[in-house]
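Chemist: Below is one structure. I have some questions about it.
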Amino acid sequence: MVVQIFTSVVNRPDFVEIQDKLFKKFLNDKYQFHVVDDSMDENISQEFKDICGKYSIHYYRKPQTEEKKF
């Protein structure tokens, strides 16, 4: 069985890299890491996408709308 790990991200791309390193260090089971990007900033989204590509993490971009902005 493969453990599925999902995390929702908004504004700290560096945390994804840290999480991935910690999962590799401390998890003994096989796992798949999934990142769901809920950020409003396209530049930050690109950073998330780049990090996920670098570490073979599954990346999903949640659709954004102007109405969602606070």
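The values are calculated or read from the model by the stated rules, or taken from the named source; none is laboratory data. None of the values given here were measured: they were computed from a predicted structure. Virtual Cβ from ideal backbone geometry, glycine too; neighbours counted across all protein chains shown. Keep in mind that these areas ignore ligands, DNA and RNA; they rest on the heavy atoms of the full protein, side chains included. Shrake-Rupley method; radii C 1.70, N 1.55, O 1.52, S 1.80 Å.
Chemist: Any idea which residue in the stretch 14-48 is surrounded by the most Cβ atoms within 10 Å (Cβ to Cβ), counting only those that are assigned to a helix (DSSP H, G or I) and among the polar types (S, T, N, Q)? Give the steps one after another, and end with the answer.
Modeler: Looking only at the stretch 14-48, we keep the residues that are assigned to a helix (DSSP H, G or I), and these are 14-26, 42-48.
Add one more test, that the residue is among the polar types (S, T, N, Q), and what stays is 19, 43, 45-46.
Working: Gln19: 17, Asn43: 8, Ser45: 20, Gln46: 13.
Selected residue: Ser45.
Chemist: Test Val3 against the criterion of being of a type in the set (A, V, I, L, M), within 26 Å of Glu66 (Cβ to Cβ) and either at pLDDT 95 or above or open to solvent by less than 60 Å² (accessible area, probe 1.4 Å) (or both), and give yes or no.
Modeler: It is false that Val3 is of a type in the set (A, V, I, L, M), within 26 Å of Glu66 (Cβ to Cβ) and either at pLDDT 95 or above or open to solvent by less than 60 Å² (accessible area, probe 1.4 Å) (or both).
Chemist: Can you confirm whether the stretch 26-44 contains a residue that is of a type in the set (Asp, Glu), more than 10 Å from the chain's Cα centre (by Cα) and closer than 20 Å to Glu66 by Cβ?
Modeler: Yes, there is a match, as at least one residue in the stretch 26-44 is of a type in the set (Asp, Glu), more than 10 Å from the chain's Cα centre (by Cα) and closer than 20 Å to Glu66 by Cβ.
Chemist: A further question follows. Inspect all residues belonging to the stretch 49-61 and state whether any of them is assigned to a helix (DSSP H, G or I), basic (Lys, Arg) and open to solvent by less than 100 Å² (accessible area, probe 1.4 Å).
Modeler: No, the conditions are met nowhere in the stretch 49-61.
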